[in-house]
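Participant: Once you've had a glance at the structure underneath, I'll fire off some questions.
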Amino acid sequence: MAVTVDISLVQFPLVWLGAIGVVAVLAQFKSRMSGLAVVLFSCGLLNYSPFEIGALSRLYAGDVAIAIFLVAWFGIAWFRRQAAWSWSSLFQPNLVNRPLLGMAVVTPISMLWSRLHPDPSVTYNFPHSDVSWATAQASQLALFAAMICIPFAVAATIKSWKNVEAVVITIGVVVAIGTLLTAAALIFGFGSSYAILGATRAYWEQPWDSSIEPLTALLLPFLYSGVLFGRRSLSSYWLICVLFVLCLLGVVLTFSRESWLLAFAGLFLVSALWFRRRVTPAVALIMIVVLVVSVAFSGAIGLVYHFYNPDEVYGLERIYYYATALQLFATHPLLGVGAGNYQFFDRSYTGEAGGGIAHNQFLTVAAETGILGLILLLWLMIALLRIRRKLLSSQGCADDSHYWVKAAGSALVPVWIAECFFQEASFVTAAAGGGTKVVTATVFPWVLLGVLFAACSLGQTTAGNNP
């Protein structure tokens, strides 16, 4: 059996990958929901490229799945178009259309400006790769286009509240599998030399936690909200409960300060909504005071020192990355250094020790697209906060029978915005390590945003049918 596996899988991996790819493609064109499932599984669990050199070494299964999913979405909309078909009808709803359209204009302009006016002190190439600057910029445009199209494609895919539940469960299954794999890595010693707070992080050659790390914190509000508010409306309520426990375990196993803080914020926001519906303000205030006093006298505050002690954790070198981004923004204030070009300047400024990106969405956008891109990013954040306010309003996107979606969405938006202070969580950049791999992790918040878009549409339809 060992010889057979070696010959079949190791010696001829492309044959098996090709067969699996054919099945995945057929599943994507079978239905929109199955196509979305292929995207979620491939982006969450297949962080692997069978090619070791060349441009194809930066191409991952999730990239191909996203491309096919978007082509199928656009193709179906095009061939089924009616007299009223238009671009505005394709990109529905229009809650964030204007800032996204602005970014779609500024991004290529910044790239063109960097080509016409390159910095003479910077070498625009990759000393460790044969991928050209033109290829990197083409990848940047493709990555950006995929990100801004994903939420609208997901919203068009979801046709019922049952589909909303199915998408959340599918992502939960992806997280559950990743959690079990990460636990196995710790148990059987497939860890790395990176230790934080005395524990070795699960880090494979193609790290599972690279997708699990941000995804667990973003999905947790949906599962937790389903546990608290979905007892009567969710058909798979107990499955949601199991996935919530595994997702919570996945957050712990990331050993990531960012994931822990974001997960705590999501749980706190959803819990606050639960208390607001069931507890009077006075009682809630007393409970908060008791909690704060308990934390203060329990010694938990002393753990904060260990949480950020350079001798026990790593990652504090990002302060230098922030300084580099601010320097690039100061020297290229209008259009930045060009989308996807951060890595070239970072290497020229700081050498091989550079981070390649700022690990901060706001600073990276400011450095790569200048003040115009930063203004548009802030505009997008304001638009997302408007979505949150709409969700919580009496005329929100979902009725009370689906309040769990309201609560989850209202927690997702601030958690997603907070994540942007820790990494490039909204707009991917080709400067990030791994080439197009970064899109496989960044796609998930956009998918969840598409779920909120669909909830808005379904809620308005329900309100129209029940005046």
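Participant: Any residue that is modelled with pLDDT of 90 or more, part of a helix (DSSP H, G or I) and touching a helix residue (DSSP H, G or I) at 6+ places or on another chain (Cβ under 6 Å) - is there at least one of those in the range 384-395?
Facilitator: Checked against the condition, which is being modelled with pLDDT of 90 or more, part of a helix (DSSP H, G or I) and touching a helix residue (DSSP H, G or I) at 6+ places or on another chain (Cβ under 6 Å), the range 384-395 yields at least one hit.
Participant: Please go through (1) outside any helix (DSSP H, G or I); (2) open to solvent by less than 40 Å² (accessible area, probe 1.4 Å); (3) at pLDDT 65 or above for A265 and return the number of the only condition it doesn't satisfy.
Facilitator: (1)
Participant: Still on this model: For residues that are touching a Phe, Trp or Tyr at 6+ places or on another chain (Cβ under 6 Å) and either more than 21 Å from T442 (Cβ to Cβ) or in a loop (DSSP other than H, G, I, E, B) (or both), scanning just the range 109-160, find the one that is modelled with the highest pLDDT.
Facilitator: V122
Participant: Cβ-Cβ distance below 8 Å, separation of 6 or more or different chains: which pairs start in the range 274-285 with a residue that is over 18 Å from Y224 (Cα atoms) and end on one that is at pLDDT below 70 and surrounded by 11 or more Cβ atoms within 10 Å (Cβ to Cβ)?
Facilitator: Close Cβ pairs satisfying both conditions: V279/M287.
Participant: Follow-up. Of all the residues that make up the range 142-169, how many are open to solvent by 30 Å² or more (accessible area, probe 1.4 Å) and among the hydroxyl-bearing types (S, T, Y)?
Facilitator: Residues flagged as open to solvent by 30 Å² or more (accessible area, probe 1.4 Å) and among the hydroxyl-bearing types (S, T, Y) within the range 142-169 amount to 1.
Residues are listed down the side, and each one gets a yes or a no for (1) at pLDDT below 75; (2) under 17 Å from the mean Cα position of the chain (by Cα); (3) part of a helix (DSSP H, G or I):
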{"position": "V38", "(1), (2), (3)": "no, yes, yes"}
{"position": "I53", "(1), (2), (3)": "yes, no, no"}
{"position": "S57", "(1), (2), (3)": "yes, no, yes"}
{"position": "G62", "(1), (2), (3)": "no, yes, yes"}
{"position": "A67", "(1), (2), (3)": "no, yes, yes"}
{"position": "W78", "(1), (2), (3)": "yes, no, yes"}
{"position": "R81", "(1), (2), (3)": "yes, no, no"}
{"position": "Q92", "(1), (2), (3)": "yes, no, no"}
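Participant: Residue under question is F422, and the condition is that it be at pLDDT below 90, surrounded by fewer than 24 Cβ atoms within 10 Å (Cβ to Cβ) and within 13 Å of the chain's Cα centre (by Cα); does it hold?
Facilitator: Criteria met by F422.
The values are calculated or read from the model by the stated rules, or taken from the named source; none is laboratory data. Note that this is a predicted model, so its numbers are computed, not measured. Please note: Cβ atoms are built from the backbone with ideal geometry, for glycine as well, and neighbour counts cover all protein chains shown. Please note that ligands, DNA and RNA were not included when accessible areas were found on the heavy atoms of the full protein model with its side chains. Shrake-Rupley method; radii C 1.70, N 1.55, O 1.52, S 1.80 Å.
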